[in-house]
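Notes to accompany the following structure.
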Ligand SMILES: CC(C)(COP(=O)(O)OP(=O)(O)OC[C@H]1O[C@@H](n2cnc3c(N)ncnc32)[C@H](O)[C@@H]1OP(=O)(O)O)[C@@H](O)C(=O)NCCC(=O)NCCS
């Protein structure tokens, strides 16, 4: 199940080049990852790690920033969400991929302690590819932290 969001890019969101601040995009990514993981967990979640963020191109004032996210990996209590951000250019009707990110959230109980989540169901080839990517990244992170 995908979660979608759209935001009109306004002057306060942009720098002196008229392009959106990276921190603004990050805030949107964190928000949609939270919503996506809460829908999966059926309760509260907290951000434990912004695993990766790749800024691939910039978005400009007047563009519509469109975010799409889905759960791609689950552990016992953690949920990894993939977020794709595109800029829709109103005059041309074209969309440009601007950012991709993986965010890991943890489902928590009323005391803020991790609680188990149901396992993600892989339905598409894209989900399978992203699942394998997260599995590999988690293994690498675990090895580095050992
Ligand atoms: C997230 C939190 C509840 C985890 O508590 P904890 O006692 O460390 O719990 P655990 O060690 O059992 O880890 C819980 C899960 O998080 C995962 N995790 C912990 N640290 C992680 C990290 N740095 N990166 C990715 N996953 C991580 C664990 O692998 C585990 O996943 P699993 O159950 O699917 O195997 C706790 O660290 C916390 O409250 N952090 C602050 C969250 C917050 O305020 N976020 C907002 C940022 S401003």
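What follows is calculated from the coordinates using simple rules that are stated; it is not laboratory data. Keep in mind that what you see is a predicted model, and the values were worked out from it rather than measured. Cβ placement follows ideal geometry from the backbone for every residue including glycine, while neighbour counts extend to all protein chains displayed.
Just a few scattered comments:
- All-pairs Cα distance distribution in the range 30-77, expressed in whole percent, bin size 5 Å: 4, 14, 26, 23, 14, 10, 7, 2, 0
- Sorted largest first, the principal axis extents computed over the alpha-carbon atoms of the range 3-145 equal 45, 34, 30 Å.
- C-alpha center-to-center spacing [the range 106-146, the range 67-97] in angstrom: 17
- Among 130, 67, 56, the largest mean-square fluctuation in a Gaussian network model of the chain, built with springs joining Cα atoms closer than 10 Å, belongs to 56.
- Residues 69, 52, 58, ranked from the fewest to the most other C-beta atoms within 10 Å, line up as 52, 58, 69.
- Label sites at residue 124 and residue 27, each approximated as a point 7 angstrom past Cα along Cα to Cβ, lie 2.9 nm apart.
- Distance between the modelled labels on residue 17 and residue 100, one decimal in nanometres: 2.1 nm (7 Å Cα→Cβ projection).
- Per-residue extension of 0.36 nm, minus the Cα-Cα distance of residue 68 and residue 92, leaves a gain of 6.5 nm for this segment.
- For the range 3-145, the relative contact order is 25 percent, taking Cα pairs closer than 8 Å that sit 6 or more residues apart in sequence and dividing their mean separation by the residue count.
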